[in-house]
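The structure under discussion appears below in the form of structure tokens.
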Amino acid sequence: MLDDVRVLEISAPETMLAGRIFADLGADVVVVEPPAGSPGRRLAPFLDDVPGIERSLTWQSLNYNKRGVTLGISSPDGKALVRALATKFDVVIEASSLLDTIEFAPRVIRCTIAPFVGSGPKSAYASTDFTVMAASGAPAMTGDLDRPPLFFPVPQAMMEAGADAAIATLAGLIARDRDGLGQRADVSARIAAMMASFGQALFPGSGNKEGKRSQGTMTIAGVQVPSVYECADGFMLITIGFGPVFGQMTQRLAKWAADEGHADPRIAELSWPTFISDLSARKTSPSDLQALVDGLKSLARSKSKSVLAESSRRLGLLASPVMNMQDVAGYEQYRERGLFAQVNLEAGREIDAPARFAQFSNYSIEIKRPAPKLSEHSAEIFEAELGLSKTEIQALFVAGEI
């Protein structure tokens, strides 16, 4: 799909997903790491929980289908080599300002990922994935009101930023096809993380009173209506809605809870499609809604995720299990669709890994090579792309430049 595109990725945790997306789409992606290895190699989890420069499963999963070199880009010699190498590539993806002194060819698409907008008041702030996610406001949608917000168990802002960087870079390539000019794209990890939660109002408008955390519930007539319900072996996402479409689903939910003995039969006889208007007309009361919520809580606790999911499909409900990674790995539909592939990490050691981020009708994403070992392709690329001799490459290695 992108087999005529070449990408130079100055490796950082934030760049890895963007580079992986391009590599999956057929681009020739070369990762540039410092001689000691990219920080992405030090991200947990590790194979067998034993840390090591080649044992990060995060590094492995986000760097398939790439080649890798090592190069110290902070030194004058390193910058000169990067400048020369960049002339051979269409795209440069980075997450630092170390390349600001390098002038790239006019046709290069350069994408820079930063924690915050470069022109904003936080542009010089030190940051971690945790603080960037906090600044995005997205955690306000999580957890319970009587305790702090919940944060993701894996770095999330870097993933959101990597996906946005891929989109911005692809847009730059499309524009270059039209006018022949390169583009400079700046991606803010904070904005990328915030965009993922645009289904909720995170901040009040100017002049409005301060909003409250939305958490994982909505409040109707003083009744907290959760979206996540505890079940026998985990959690289930169940939507209670009203109106002509979603209200019919709630009607079936109420009947199910009543038929199973978890709610008063009277609850199933109420008109849930018109519940909100009936509430305004005082034909129903908040206690009716509370009874439905209590019945659903009891129903969910009595069943497993698989039973609830199957019943939801049969009844046509807006509900689905909250899957942990063990559930995802064992989900038959994902297996049948070929979304996992076996990858050889070490001699004789294979693991199942996610194979692709999307399915296409006219293109198949495949894992063609594992993530590069440290400096695996340095000699090959410096010789082929820059014409360096073996002696020159050895000298750069001895000097600590590669």
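Rule-based calculations on the coordinates, nothing more; no lab input. Computed from a predicted model, the values in this text were never measured in an experiment. For neighbour counting, all protein chains shown are included, and Cβ atoms are generated from backbone atoms with ideal geometry for every residue, glycine included.
A few comments on the model shown:
- Looking at the chain alone, DSSP beta bridges between its own residues are antiparallel in about 45 percent of cases.
- In the chain, lysine pairs with alpha-carbon atoms under 19 angstrom apart (chain gap of 8 or more, or interchain): 7
- Taking the chain as a Gaussian network of alpha-carbon nodes connected by springs under 10 Å, the highest mean-square fluctuation of the residues 96, 38, 361 belongs to 361.
- The Kirkwood radius of the chain, taken over pairs of alpha-carbon atoms, gives through the Stokes-Einstein law at 20 °C and 1.002 mPa s a diffusion coefficient of 88 µm² s⁻¹.
- Computed [θ] at 222 nm, helices only, for the chain once each DSSP H run of length n ≥ 4 contributes -39500 (n - 2.57): -11000 deg cm²/dmol
- The distance linking the range 143-157 with the range 283-346 is 21 Å (Cα centroid to Cα centroid, whole angstrom).
- Residue 174-residue 363 FRET efficiency (beta carbon distance; Förster radius 22 Å; 0.05 resolution): 0.80
- Near residue 234: Cβ cut-off under 10 Å, other residues only, Lys/Arg at +1 and Asp/Glu at -1. The net charge is -2.
- Cα gyration tensor category, rounded, prolate or oblate, for the range 37-116 with a/c compared to 1.5: prolate
- By definition, a body whose alpha carbon gyration tensor gives a ≥ b ≥ c is prolate when a/c is 1.5 or more and a/b is larger than b/c, and the range 295-402 fits this prolate description.
- Alpha carbon centroid spacing (whole Å) that separates the range 1-31 from the range 56-70: 10 Å
- For the range 351-395, the equivalent ellipsoid built from the Cα gyration tensor has semi-axes of 34, 14, 6 Å, listed from largest to smallest.
- Other residues with beta-carbon under 11 Å from the beta-carbon of residue 24 carry, at +1 per Lys or Arg and -1 per Asp or Glu, a net charge of +3.
- Förster radius 51 Å - calculated FRET efficiency between residue 391 and residue 142, Cβ distance, rounded to 0.05: 0.35
- All other residues whose Cβ lies under 9 angstrom from that of residue 113 are scored, Lys and Arg at +1 and Asp and Glu at -1, for a net of -4.
- Highest mean packing comes first when the peptides 4-16, 100-112 are listed by Cβ atoms within 10 Å, giving 4-16, 100-112.
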